[in-house]
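*Asks:* One structure is given below, represented as structure tokens, and several questions about it will come after.
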Amino acid sequence: MRKVLAFDLGGTKFAFGVVNEDGSVLGSGRVETFAEKGPQQACERVAEATRKLLAELRLKPADFVAIGVASPGPLDIARGCVDGSPNLGSAWTGFSITGFLSNSFGGLPARIDNDCNAAALGEYRFGAGKGKKNVVYITVSTGIGGGAVIDGRLMRGANGNAAELGHIPLTMDGPRCGCGNPGCWEVYASGTAIARRTREALAAGRPSSIVKFAGGIDQVTTHHLFQAMAEGDALAKEIWAESINYLGRGLGAVINTFNPDVIVVGGGVTAAGDALFVPMRKSADQYAFPRLSAVCSIVPAGLGGNVGVVGAAACAFEHVS
Ligand SMILES: [Zn+2]
């Protein structure tokens, strides 16, 4: 079976793995990125750790058909580098990650993709979107990221940065987003945003058991919100209902834009399970055209913690198919 080397670059961890053409992971590992020290040292360390893994698996570069890299955007795909990523820092701009890794592993063809786009292709090919032609992937964690596979092809757009769905504007005058604009989807509905809205309500003096679970207002996360909700806390239920409404509003826009067969939702907030998926589905239906929402299911991601590496692998296989 054909194999690829897959890399998942993040602000804190740089993961790597050996992935088969059926999506199974033969071996994997991770090193610290130390993003602030720049790309050369991170790439050298991940290459070294990968060489050790290959030695353990008794594999050599010639056993692979390609290299795939998933990275936070924005990217310059043609040059294989990050281009102004707020997660990694300016030192990374212009350093060819694909060039470095290709040189380190026998000149294998290498490609880089936005991490959410890679995850979308991974879920389409190997995960919860398998067997469908139109799959949108959404991750709801510190931000909201997205990727879309439409008619069986990953939508990359003019320069590889398509489907920045977290920045769909929901309002004209909302809180300021990291992107600079007010009212983006992710400033209302990401895990970070839900926690922030909870802290704001508590700071305004609303009574709630949430603080008891967190220890203090500043420590409140979505986890404490769920704990309080399980006890029937009124404020927790109110904030969760608002969050569901914001999530559904964005998903409605996604359904109307892409007409997907399935929206695959990943990220930390999905730990809420049915308490998320059941009402979120109803809310999305409210905001989407019935003809489009009727054919669209909304399901939890299938690849779990492997999504980065397996997504990068899916991009690598696509590159050489
Ligand atoms: Zn934004």
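The values are calculated or read from the model by the stated rules, or taken from the named source; none is laboratory data. Predicted model, so just to flag it, every value in this text is computed and none were measured. Every residue, glycine as well, gets a Cβ built from its backbone with ideal geometry; the counts of neighbours run over all protein chains shown.
*Asks:* Restricting the search to the stretch 78-98, which residues are closer than 21 Å to A314 by Cβ and over 18 Å from the mean Cα position of the chain (by Cα)?
*Replies:* Passing the criteria: A78, G80, C81, I97, T98.
*Asks:* Given (1) part of a helix (DSSP H, G or I); (2) away from the ligand (no atom under 16 Å from the Cβ); (3) touching a residue at least 40 places away in the same chain (Cβ under 8 Å), where does R199 come up short, assuming only one miss?
*Replies:* Among (1) part of a helix (DSSP H, G or I); (2) away from the ligand (no atom under 16 Å from the Cβ); (3) touching a residue at least 40 places away in the same chain (Cβ under 8 Å), the lone unmet condition for R199 is (3).
*Asks:* Restricting the stretch 168-196 to residues that are of a type in the set (A, V, I, L, M) and in contact with a Gly (Cβ under 9 Å, 6 or more places away or on another chain), which is farthest from the ligand (Cβ to nearest atom)? Step through it out loud before you land on a result.
*Replies:* Filtering the stretch 168-196 down to residues of a type in the set (A, V, I, L, M) leaves 168, 170, 172, 187, 189, 193-195.
Applying the additional criterion that residues be in contact with a Gly (Cβ under 9 Å, 6 or more places away or on another chain) yields 168, 170, 172, 187, 189, 193.
Details: I168: 9, L170: 10, M172: 13, V187: 7, A189: 12, A193: 11 Å.
Result: M172.
*Asks:* Identify the residue in the stretch 78-106 that is closer than 24 Å to R2 by Cα and touching a residue at least 40 places away in the same chain (Cβ under 8 Å) and, among all such residues, is surrounded by the fewest Cβ atoms within 10 Å (Cβ to Cβ).
*Replies:* The selected residue is G106.
*Asks:* While we're on this one: Filter the stretch 132-167 down to the residues that are farther than 15 Å from T192 by Cα, at pLDDT below 95 and within 12 Å of the ligand (Cβ to nearest atom) and list them by number.
*Replies:* Result: E164, single match.
*Asks:* Also: Pairs please, first residue from the stretch 53-67 and on the phi < 0 side of the Ramachandran plot, second anywhere and in a strand (DSSP E or B) and of a type in the set (S, T, Y), Cβ atoms under 9 Å, 6+ apart in sequence or on different chains.
*Replies:* L53/S28
*Asks:* Additional query: If you go through the stretch 26-40 one residue at a time, do you hit one that is of a type in the set (A, V, I, L, M, F, W, C), under 22 Å from G302 (Cβ atoms) and in the same structural domain as S104 (by TED's automatic domain parsing)? Step through it out loud before you land on a result.
*Replies:* First, pick out the residues of the stretch 26-40 that are of a type in the set (A, V, I, L, M, F, W, C): 26, 31, 34-35.
With the extra rule that they be under 22 Å from G302 (Cβ atoms), the set shrinks to 26.
Now restrict to residues that are in the same structural domain as S104 (by TED's automatic domain parsing): 26.
Yes, there is a match, as at least one residue in the stretch 26-40 is of a type in the set (A, V, I, L, M, F, W, C), under 22 Å from G302 (Cβ atoms) and in the same structural domain as S104 (by TED's automatic domain parsing).
*Asks:* What residue, of A128, A118, A162, A193, is farther than 26 Å from A272 by Cβ and either more than 12 Å from the chain's Cα centre (by Cα) or in a helix (DSSP H, G or I) (or both)?
*Replies:* Of A128, A118, A162, A193, the one residue that is farther than 26 Å from A272 by Cβ and either more than 12 Å from the chain's Cα centre (by Cα) or in a helix (DSSP H, G or I) (or both) is A162.
*Asks:* Please indicate, with yes or no, whether at least one residue in the stretch 235-251 is small (G, A, S), touching a residue at least 40 places away in the same chain (Cβ under 8 Å) and closer than 22 Å to G174 by Cβ. Walk me through how you get there before you give the answer.
*Replies:* Our first condition is that a residue be small (G, A, S); within the stretch 235-251, this holds for 236, 241, 243, 248, 250.
Narrowing further to those that are touching a residue at least 40 places away in the same chain (Cβ under 8 Å): 243, 250.
Now narrow it down to the ones that are closer than 22 Å to G174 by Cβ: 243, 250.
So far as the stretch 235-251 goes, yes, one or more of its residues are small (G, A, S), touching a residue at least 40 places away in the same chain (Cβ under 8 Å) and closer than 22 Å to G174 by Cβ.
*Asks:* If I filter the stretch 207-214 for residues that are surrounded by fewer than 14 Cβ atoms within 10 Å (Cβ to Cβ) and more than 18 Å from A118 (Cβ to Cβ), do I get at least one hit? Steps first, answer last, please.
*Replies:* To start, the set of residues in the stretch 207-214 that are surrounded by fewer than 14 Cβ atoms within 10 Å (Cβ to Cβ) comprises 207, 212.
Subsequent filtering for residues that are more than 18 Å from A118 (Cβ to Cβ) retains 207, 212.
Within the stretch 207-214 (the criterion being surrounded by fewer than 14 Cβ atoms within 10 Å (Cβ to Cβ) and more than 18 Å from A118 (Cβ to Cβ)), the answer is yes, since at least one residue qualifies.
*Asks:* Condition first: farther than 18 Å from T33 by Cα and in a strand (DSSP E or B). Now tell me which residues in the stretch 98-112 satisfy that.
*Replies:* Those that are farther than 18 Å from T33 by Cα and in a strand (DSSP E or B): A110, R111.
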